[in-house]
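Down below is the structure, laid out as structure tokens.
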Amino acid sequence: MDRRETAALLAYIGRLDPRTIRTDQGEARDQIAQWHELLGDVPLATPYGWDVRVAARQHIRTSPYQILPADVVHPWESYRRDRLARHSDPTPSADPDDQAAWTAELVGMRRAVAAGIAEPAQARAITSGRDVTDPTLEAMLERVGSCIPPAARAALAPYRPARAAREAAIAQGQPDALSVRCQWCKAQPGEPCRRRRRIGPDDGVRATAPRATPHPGRLDLAAAQARRTEQAGQPAIA
């Protein structure tokens, strides 16, 4: 607010609470200077829900105490925090290699949201279903055969040995061991088997580590399930 807006706010408050009225010209000037110093960064109103007069009227309605600048600043800070909490930074349009421009755009958007000039950018909800799938992505997936290209899959293999061993076994026509629960280490379907890494004095397992290959019993269980599925006339799901 500028000084004229601050004076207008004090005149509005004076109509609601005569205790704030200063009849002496010098006192009125000092009061305007004091409130302007404390509320200079608080806007009079914003396009998205903030109005300093509403905050002042709410305090006068609910509190028996004379209003102070802090009684206006607190609602304004709550307004800013709420908007930033609902804001999800959208991807800047600036070149990602230009770090200064990228950062400046992010900071500028956050300041605009906090100041009530722009609406918070909500994170897009995760959708599912073939009706919302991009046709170009479907065509690319059919051409590549996987959402991870073969070159990237090969590069990632040393860093996820359990997944690489599973994919290699499936490619060779072997049953998917991770499709069943391991009766030895109790690993759930989809999770790799684990080996005992540290055992306590009472023979209790203190720590475990993932295995690159599943336990043999889990392989046998997956093979038996695949045979039952084939005998039932249903295709085995890898």
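Only one of Q188, Q172, Q225 is loosely packed, with under 11 Cβ neighbours inside 10 Å and modelled with pLDDT of 85 or more. Can you tell me which?
Within the list Q188, Q172, Q225, the selection yields Q188.
Just to be sure, is V54 within 16 Å of A114 (Cβ to Cβ), more than 22 Å from the chain's Cα centre (by Cα) and not polar (S, T, N, Q)?
no
Restricting to the range 145-196, what's the tally of residues that are in contact (Cβ under 8 Å) with a residue 24 or more places away in the chain and of a type in the set (S, T, Y)?
Of the residues in the range 145-196, 1 are in contact (Cβ under 8 Å) with a residue 24 or more places away in the chain and of a type in the set (S, T, Y).
Can you give me the number of residues within the range 1-27 that are among the small types (G, A, S) and within 15 Å of L68 (Cα to Cα)?
Selection size over the range 1-27: 3.
The values are calculated or read from the model by the stated rules, or taken from the named source; none is laboratory data. Keep in mind that this is a model prediction, so the values were computed, not measured. Neighbour counts are summed over all protein chains in view; Cβ atoms, including those assigned to glycine, are modelled from backbone coordinates with ideal geometry.
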